[in-house]
1. Could you check region 196-250 for helices (runs of 4 or more DSSP H) lying wholly inside it with 1 or more residues that are among the aromatic types (Phe, Trp, Tyr)?
2. For region 2-19, which residues satisfy the criterion of being more than 16 Å from LEU202 (Cα to Cα) and surrounded by fewer than 14 Cβ atoms within 10 Å (Cβ to Cβ)?
3. Is there a residue in region 61-71 that is in a loop (DSSP other than H, G, I, E, B), at pLDDT 95 or above, under 21 Å from ASP174 (Cβ atoms) and not acidic (Asp, Glu)?
4. Restricting the search to region 166-193, which residues are assigned to a helix (DSSP H, G or I) and either at pLDDT below 90 or over 20 Å from ILE6 (Cβ atoms) (or both)?
5. Look through region 139-165, keep the residues that are surrounded by 21 or more Cβ atoms within 10 Å (Cβ to Cβ) and either part of a loop (DSSP other than H, G, I, E, B) or of a type in the set (Asp, Glu) (or both), and return whichever of them is modelled with the lowest pLDDT.
6. Going through region 1-45 one residue at a time, which ones are among the charged types (D, E, K, R) and more than 18 Å from the chain's Cα centre (by Cα)?
7. Of the residues in region 20-42, how many are assigned to a loop (DSSP other than H, G, I, E, B) and surrounded by fewer than 23 Cβ atoms within 10 Å (Cβ to Cβ)?
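The values are calculated or read from the model by the stated rules, or taken from the named source; none is laboratory data. As the structure is a prediction and not an experimental result, all values here were calculated from the model. For neighbour counting, all protein chains shown are included, and Cβ atoms are generated from backbone atoms with ideal geometry for every residue, glycine included.
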Amino acid sequence: MSDDIILETRALTKEFKGFVAVDKVALKVRRGSIHALIGPNGAGKTTCFNLLTKFLTPTSGQILFEGHDITAETPAHIARRGVIRSFQISSVFPHLSVLENVRVALQRRLGTSFHFWKPESSLRQLDARALELLHSVDLDSYAALQAVELSYGRKRALELATTLAMEPKLMLLDEPTQGMGTEDVDRIRQLIKKVAASRTVLMVEHNMSVVASLADTITVLQAGATLAEGPYEQVSKNPAVIEAYMGRAATELKGAH
C-alpha cells in the first residue's frame, strides 16, 4: 500500500440475513486529506463507518490502516492505532464543565481513566493541554461552563476537542453538522477545516455545501456500492449521481459552492 494512503478497504462487504448493506466497497483515503462519504438515505454510509471502527464485523473483504490489516481487530485496538470516531449525536458529559470533558478524554489517552483513588488535583497537570484544545475549537472562554449549558453547535465543537484529545491520525466524523442552523454549520465547517490542516478526516455528511467546501475527494454510495468517486466538481456533474439523489438533494448537489 502506498505511503500516502492511510486507510484502504478492499471489497468490503456486510450482509444482514441476505440483505447487502455494504457491497464490495473499495476506499482509498489519502493521508492529510478530507474525504467525504455521501449518498442517499440507506446508501450504507453509517454501516461503512461501523465496519471501519469494528462496531460491526465485515462479512468479507479487508480493512487496512497504515498498511496493517486491521479487519480482525477490536474497536479498542483500532482506537489505539489512532482511528477516532465522533458520532451523529453529541456525546459529551452534560454535567461536567467544558474543561473537565476534555480532561476526561486526555485521561483516557494516558490510560489513567480508572485511577479513582487519585485526588482530582492530580489531574490539573492536564489543564494546560485541555485549554490548548479548547482554544483550537474556539471554546476556551467557555471552559468553566457546564457542557449542558452550551448551544448544540458548541457541544459539537466540544466533541471535536475531545476527539482531538485522543490524538487521532484519522478522524471519522459522522454527520458533524446534522441538526444545525446556518450559523452553527458555518462554525463547524471552519473548525473542521482548521483541525484537518494537520490530520486526515473521513466524514459522512448530508450538507452538500459543507462537502463542496471541505472535501478533497468524495465517494458516493448507492445501495451499499460505490457509484462514483472524485473531486466535487467531477462528482456533482455525474448523471448517475444526480439521478441517485433526485429532487431537492440533487438540486443541492448541483448548486453547492
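1. It comes to 232-235, 239-245.
2. Of everything in region 2-19, those that are more than 16 Å from LEU202 (Cα to Cα) and surrounded by fewer than 14 Cβ atoms within 10 Å (Cβ to Cβ) turn out to be SER2, ASP3, ALA11, PHE16, LYS17, GLY18, PHE19.
3. yes
4. First, pick out the residues of region 166-193 that are assigned to a helix (DSSP H, G or I): 182-193.
Within region 166-193, THR182, GLU183, ASP184, VAL185, ASP186, ARG187, ILE188, ARG189, GLN190, LEU191 meet the criteria.
5. GLU159
6. As a first pass, look at region 1-45 and keep what is among the charged types (D, E, K, R): 3-4, 8, 10, 14-15, 17, 23-24, 28, 30-31, 45.
Matches in region 1-45: ASP3, ASP4, ARG10, LYS14, GLU15, LYS17, ASP23, LYS24.
7. The first filter runs over region 20-42 and keeps only residues assigned to a loop (DSSP other than H, G, I, E, B), leaving 26-27, 31-33, 39-42.
If we keep only those that are surrounded by fewer than 23 Cβ atoms within 10 Å (Cβ to Cβ) as well, we get 26-27, 31-33, 40-42.
Here the count works out to 8.
One line per residue, one yes/no per condition, for (1) surrounded by fewer than 19 Cβ atoms within 10 Å (Cβ to Cβ); (2) at pLDDT below 90; (3) within 20 Å of the chain's Cα centre (by Cα); (4) of a type outside the set (Gly, Ala, Ser):
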{"residue": "ALA196", "(1), (2), (3), (4)": "yes, yes, yes, no"}
{"residue": "LEU221", "(1), (2), (3), (4)": "no, no, yes, yes"}
{"residue": "GLY224", "(1), (2), (3), (4)": "no, no, yes, no"}
{"residue": "ALA228", "(1), (2), (3), (4)": "no, no, no, no"}
{"residue": "VAL235", "(1), (2), (3), (4)": "no, no, no, yes"}
{"residue": "GLU243", "(1), (2), (3), (4)": "yes, yes, no, yes"}
{"residue": "ARG248", "(1), (2), (3), (4)": "yes, yes, no, yes"}
{"residue": "ALA256", "(1), (2), (3), (4)": "yes, yes, no, no"}
